[in-house]
Amino acid sequence: MEIKVIHAGMQTTVQDLGRRGHLAQGVPIGGAVDPVALRLANLLVGNAEGLPALEITLTAPELEFEKDAWVAVCGARFEGVPPWRPFRVFEGDRLKFGNRVQGCRAYLSICGGFDVEPLMGGRGTFLPAAFGGFEGRALRDGDVIRSVPSERVLSGRWSIDERVLPHYSREPLVSVIPGSQAAEFGDALYSERFTVTARSNRMGIRLEGPPIARTAGGELVSTAVAPGTVQVPPDGNPIVLMADAQTLGGYPRIAHVVSADIPLLAQLAPGDGVRFKKTSVSEAHALARAEERRLALLRQGLAEKIRSA
Amino acid sequence: MKLQPLGDVAVVATLGEGIDPATLARVLDFAEALGRAKAKGITDIVPAYASVTVFYDSAQLSDAPGGAYESVCRLMETCAVQSKSLHGALGTKVVEIPVCYGDDYGPDIEIVAEHCRISVEDVVSLHSGADYMVYAIGFTPGFPYLGGLPEALRSPRKDTPRSRVPGGSVGIGDLQTGVYPMASPGGWQIIGRTPMQLFRPHLEPAALLKPGDRVRFKPMSPGDYELWR
């Protein structure tokens, strides 16, 4: 069925869980900046958790639905849109979002998923190279995007238990693993509060705080970086690389945000703050396993709800 | 070989410090051995200059003795030994890239000529007379970092990067040269442009070049450039 884009919002793109296996060709992982919110949005409408959904950034779109459909919106919260639960839109309905209440990126899933072609193993939009997703670009006013038909019957009289949601905050304490050049910097990363600047995007979150001084070390030969890598360029303001991060980097890496805390950063809007604390690789993997167990429980619960609907 | 974690997602092996063909050859042999191992839970192997970074899926390796990180390190140590018997294909593939130098195609060619105290013609003949080696692919999809720039062409990056460099632009950044496969921001001095597609997402492989390939640039006229397009 068709969904008409009345207003596109600031930057609304089709995203999934990214591309794997192409980093050596310089193709970033990409996909949802907050993969947990995308997975939950899909699970809520009975989809496989990696189907393409719309990633909405700061200002929301207005959409008109050709037919009745179940949708869900997870991640950032907007007035007038029920968060973290499936809800029904009817033929000819216009879904309007109110003001943003919390967070930076919302994920709108639709029962059946959005209908875009896979490219290099993913259906997400990679804006810098203009490929993937919907015509390789963000949605524009007047676009018509299609969803895959689904006969699935859902019920909307419930929402997700808050305990399984990421602990979003406007000033999260984020766990990091020290990076290759951590010893060339003092402990400033762990003692200061950093502010998210407006120059942040899908490639990276640019932070500002008391500049972090590098006390040793010279020019580096570029090596691979990944979403989560915290680089410190010569100006001393750290950059946390996100989903569309370039695959190689030459700036010193002071730290790397653990996978389980990526959603916390993904939801930071300009002006929000962040603090960092040190952890180990094995602790990070334990956090990731705990997250997967919470999602598995939810998947199980949802499967029962959807069966009984 | 030094192994370090890249967060909870990858392990970085550092095999040297410099930018030289001998180190690159060891890096590529090591990456080849890792690829051949087809080990469970490995999602990406990224060779670049003097390092190989191995990305893994910790969920698939959670039962491994000692945990995911330790098991990837063990795999890398085993493959490092195996790679010593490989003597890979460094430099066997040569790709000729036609370049239209100067004018609107290479708006910084005079800056480079002035900085290097040579003529624009010398910039063209030096740049197209050298053999280059691909040391890494990155920055944007398919972007080759090329080593082998003649010292006489060494030029500083621009103080303020351009917000948009056209696709196909050939640039010089310090002692490296490279080709921007697609329009992107860029801080290198742009001396020419190629009509050749270095990244084709619908083909396999999508990137025309890979680390270890050799590259030569061949001057072309604006007329030939427009015909090729």
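Once you list every other residue whose beta carbon is under 12 Å from the beta carbon of residue B:186, what net charge do they have if Lys and Arg are +1 and Asp and Glu are -1? Please report the intermediate quantities before stating the final value.
Numbers: positive: B:157, B:158, B:162, B:164; negative: B:108.
Local net charge: +3.
Placing unit charges on C-beta atoms (Lys and Arg positive, Asp and Glu negative, everything else neutral), compute the dipole magnitude of chain B about its Cα centre in debye, rounded to 20.
Computed about the Cα centre, the dipole is about 420 debye.
Go ahead and run the numbers for FRET between residue B:77 and residue A:216, Cβ-Cβ distance against an R0 of 41 Å, rounding to 0.05. Please report the intermediate quantities before stating the final value.
Details: r = 28 Å, r/R0 = 0.69.
Calculated value: 0.90.
Hey, could you get me the Stokes-Einstein D for the range A:148-234, Kirkwood radius over alpha-carbon pairs, 25 °C and 0.890 mPa s, rounded to whole µm² s⁻¹?
Rounded to a whole number, D works out at 144 µm²/s.
Considering every pair of different Cα atoms, what Kirkwood radius, in Å, is found for the range B:94-228?
Taking every pair of different Cα atoms in the range B:94-228, averaging 1/r and inverting gives 14.5 Å.
Where nothing but the Cβ of Lys and Arg (+1) and of Asp and Glu (-1) is charged, how large is the charge dipole of the protein assembly as shown around its Cα centre, in debye to the nearest 20?
Values: 56 positive and 60 negative charges, 234 e Å.
For this selection, approximately 1120 debye.
For the pair residue A:235/residue A:137, report the inter-label distance in nm, with labels modelled 7 Å from Cα in the Cβ direction.
That separation, rounded to one decimal, is 2.9 nm.
I'd like to know which of A:191, A:30, A:303 lies farthest towards the positive end of the charge dipole of chain A, counting +1 on Cβ of Lys and Arg and -1 on Cβ of Asp and Glu.
Selected residue: A:303.
Using Cα-Cα distances under 8 Å and only pairs 6 or more residues apart, what relative contact order does chain B have, in percent?
Relative CO of chain B lands at 20 percent.
Determine the principal axes of the Cα atoms in chain A, then give the extent along each, sorted from largest to smallest and rounded to whole angstroms.
63, 37, 36
Return a whole-number percent for the relative contact order of the range A:2-160, with Cα pairs under 8 Å and 6 or more residues apart as the contact set.
Value for the range A:2-160: 31 percent.
Cα centroid distance between the range A:170-218 and the range B:54-121, in Å?
Cα centroid to Cα centroid, the span is 27 Å.
Could you pull out the GluC sites (Glu not before Pro) across the range A:62-100 that fall in loop regions by DSSP (anything but H, G, I, E, B) with no more than 13 other Cβ atoms inside 10 Å?
Those that pass, being in a loop and sparsely packed, are A:79, A:91.
For the range B:2-83, would you read off the P(r) tail past 15 Å as a percentage of all alpha carbon pairs? Present the calculation step by step, with values, prior to reporting the outcome.
Working: 1701 of 3321 pairs.
Counting pairs separated by more than 15 Å, the tail of P(r) holds 51 percent.
Would you order A:38, A:139 from fewest to most other beta-carbon atoms within 10 Å of each residue's own beta-carbon?
In order of increasing Cβ crowding within 10 Å: A:139, A:38.
Please rank B:103, B:20, fewest neighbouring Cβ atoms within 10 Å first, as an exposure proxy.
Taking fewest neighbouring Cβ atoms as first place, the list is B:103, B:20.
Please state the Cα pair-distance histogram of the protein assembly as shown with 20 angstrom bins from zero: what percent is in each bin?
21, 52, 25, 2
Over the Cα atoms of the range A:78-168, each weighted equally, I'd like the Debye log10 I(q)/I(0) at q = 0.14, 0.16 Å⁻¹, rounded to two decimals.
Once normalised to I(0) and log-transformed, intensities are -0.72, -0.94.
Which one, B:211, B:166, B:155, is farthest towards the positive end of the dipole of the range B:117-217 when Lys and Arg carry +1 and Asp and Glu -1 on their Cβ?
Farthest along the dipole direction, towards plus: B:166.
Using the eigenvalues of the Cα gyration tensor, what equivalent ellipsoid semi-axes result for chain B when each is taken as the square root of five times the eigenvalue, whole Å, largest first? All intermediate terms of the calculation are to be shown ahead of the outcome.
Working: eigenvalues 272, 60, 52 Å².
In descending order, the three semi-axes are 37, 17, 16 Å.
No value in this document is a laboratory result; all are computed from the given coordinates. Here the structure is a predicted model, which means the values were calculated and not measured. Glycine also receives a Cβ, built like all others from the backbone with ideal geometry; neighbour counts cover every protein chain displayed.
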